[in-house]
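Engineer: This is the structure, below, for whatever I ask next.
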Amino acid sequence: GVEACRAAGIWHLAARADVADADGLAALEDPGFRLMDALVTYVYLPKRETPPAVKAMGVLRPYREEDAPQIVDIAREAYRGFRSRFHFDPHLSDDRCDELYIEWAKKGCTGEMVEEVLVTENGHGEIHGFTSFRRIEPFSTVGGVAMYGRGLGACRRDRPGAYAGLIRAAAADVHARGAVAECQTQNYNYSTVRVYEAVGMQYVRADYTFHAWIGPGT
């Protein structure tokens with residue numbers, strides 16, 4: 001495992017394990033993996049009624065190509081200094097970690113990392129926030145029921161109220177397809193958890209994320 005990665009020139013490893021998997025957690029800690037993140041997962045199942053309406057801001061609509069610069073700017077501001085698993089890793093620079101979210105937003109706009117992007121705007125072209133999602137594989141194929149999520153979302157710092165409407169819209173879009181909507185956030189991100197709960201999503205899982213540096217200096 002670890003030695004094979006080192007021999008192949010792979011210096012940085014990441015692994016995720018269910019919080020209930022005590023044996024798996026020990027197997028990661030023994031070779032020196034360090035805890036970097038704790039995620040909670042919420043879902044909205046297709047057998048339920050349409051997600052309940054929540055207070056929304058602005059005009060909700062699908063992404064248009066001309067929205068890209070604003071979406072990238074929103075991501076740049078929203079994730080600057082964000083305390084993610086990447087930022088907590090001392091082997092990764094904060095500047096490069098910030099850049100990761102900018103690249104994620106860019107590749108979302110081009111369709112490289114997500115399938116759909118929704119935005120809210122003020123009716124005159126100024127975007128308040130965005131969210132995105134994609135079909136999750138191999139779960140969708142193996143499980144027999146499609147699942148969508150694993151995208152990026154953010155709002156302008158002075159428009160945080162737009163996020164609830166975006167999450168509800170994404171959940172309703174996925175629900176209309178007869179699919180499962182999935183959302184994830186850090187277990188300490190209480191404001192986002194409250195949004196998930198307001199939309200009617202249900203808690204299903206928690207995971208720990210570990211990193212290991214096996215390159216020079218180890």
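The values are calculated or read from the model by the stated rules, or taken from the named source; none is laboratory data. Just so you know, these numbers come straight off a predicted model, no measurement behind them. As a convention, Cβ positions derive from the backbone with ideal geometry for all residues, glycine included, and neighbour counts pool all protein chains shown. Ligands, DNA and RNA are excluded from the accessible area calculation, which covers all protein heavy atoms including side chains. Shrake-Rupley method; radii C 1.70, N 1.55, O 1.52, S 1.80 Å.
Engineer: When both residues are 6+ apart or on different chains and their Cβ atoms are under 8 Å apart, which pairs have a first residue that lies in the stretch 121-137 and is closer than 13 Å to D67 by Cα, and a second that is open to solvent by less than 10 Å² (accessible area, probe 1.4 Å) and of a type in the set (S, T, Y)?
Structural biologist: Going by the 8 Å Cβ cut-off, the qualifying pairs are I127/T120; H128/T120; G129/T120; F130/T120.
Engineer: Here's a check for you: in the stretch 110-119, which residue that is outside any strand (DSSP E or B) and of a type outside the set (S, T, Y) is surrounded by the most Cβ atoms within 10 Å (Cβ to Cβ)? Outline the logic, then answer.
Structural biologist: Of all residues in the stretch 110-119, those outside any strand (DSSP E or B) come to 110-115.
Next, only the ones that are of a type outside the set (S, T, Y) stay: 111-115.
Details: G111: 13, E112: 10, M113: 17, V114: 23, E115: 12.
Top of the filtered list is V114.
Engineer: Tell me, which helices (runs of 4 or more DSSP H) lie completely within the stretch 120-218 with 3 or more residues that are surrounded by fewer than 17 Cβ atoms within 10 Å (Cβ to Cβ) and not acidic (D, E)? Let's see the steps before the verdict.
Structural biologist: Working: elements: 139-143, 162-176, 190-199.
Answer list for the stretch 120-218: 139-143, 190-199.
Engineer: Just to be sure I understand the filter: pairs with C-beta atoms under 6 Å, separated by 6 or more residues or on different chains, first member in the stretch 65-91 and touching a residue at least 60 places away in the same chain (Cβ under 8 Å), second member among the basic types (K, R). Which pairs pass?
Structural biologist: Taking only residues 6 or more apart or on different chains, the pairs are I74/R156.
Engineer: If you scan the stretch 156-182, which residues turn out to be over 13 Å from L45 (Cβ atoms), touching a Gly at 6+ places or on another chain (Cβ under 7 Å) and modelled with pLDDT of 95 or more?
Structural biologist: Once the filter is applied, which keeps residues that are over 13 Å from L45 (Cβ atoms), touching a Gly at 6+ places or on another chain (Cβ under 7 Å) and modelled with pLDDT of 95 or more, the stretch 156-182 yields only L166.
Engineer: Among the residues of the stretch 50-83, write down those that are under 18 Å from F130 (Cβ atoms) and among the small types (G, A, S).
Structural biologist: If the condition is that a residue be under 18 Å from F130 (Cβ atoms) and among the small types (G, A, S), then A56, G58, A68, A75, A78 are the ones that fit.
Engineer: For the stretch 1-25, what are the residues that are closer than 25 Å to Y203 by Cα and either under 22 Å from the mean Cα position of the chain (by Cα) or free of Cβ contacts under 8 Å to residues at least 12 places away in the same chain (or both)? Quick ask: steps written out before the conclusion?
Structural biologist: To start, the set of residues in the stretch 1-25 that are closer than 25 Å to Y203 by Cα comprises 14-25.
Once the filter is applied, which keeps residues that are closer than 25 Å to Y203 by Cα and either under 22 Å from the mean Cα position of the chain (by Cα) or free of Cβ contacts under 8 Å to residues at least 12 places away in the same chain (or both), the stretch 1-25 yields A14, A15, R16, A17, D18, V19, A20, D21, A22, D23, G24.
Engineer: What number of residues in the stretch 59-70 are farther than 11 Å from T120 by Cα and either among the hydrophobic types (A, V, I, L, M, F, W, C) or in contact with a helix residue (DSSP H, G or I) (Cβ under 6 Å, 6 or more places away or on another chain) (or both)?
Structural biologist: Counting residues in the stretch 59-70 that are farther than 11 Å from T120 by Cα and either among the hydrophobic types (A, V, I, L, M, F, W, C) or in contact with a helix residue (DSSP H, G or I) (Cβ under 6 Å, 6 or more places away or on another chain) (or both) gives 1.
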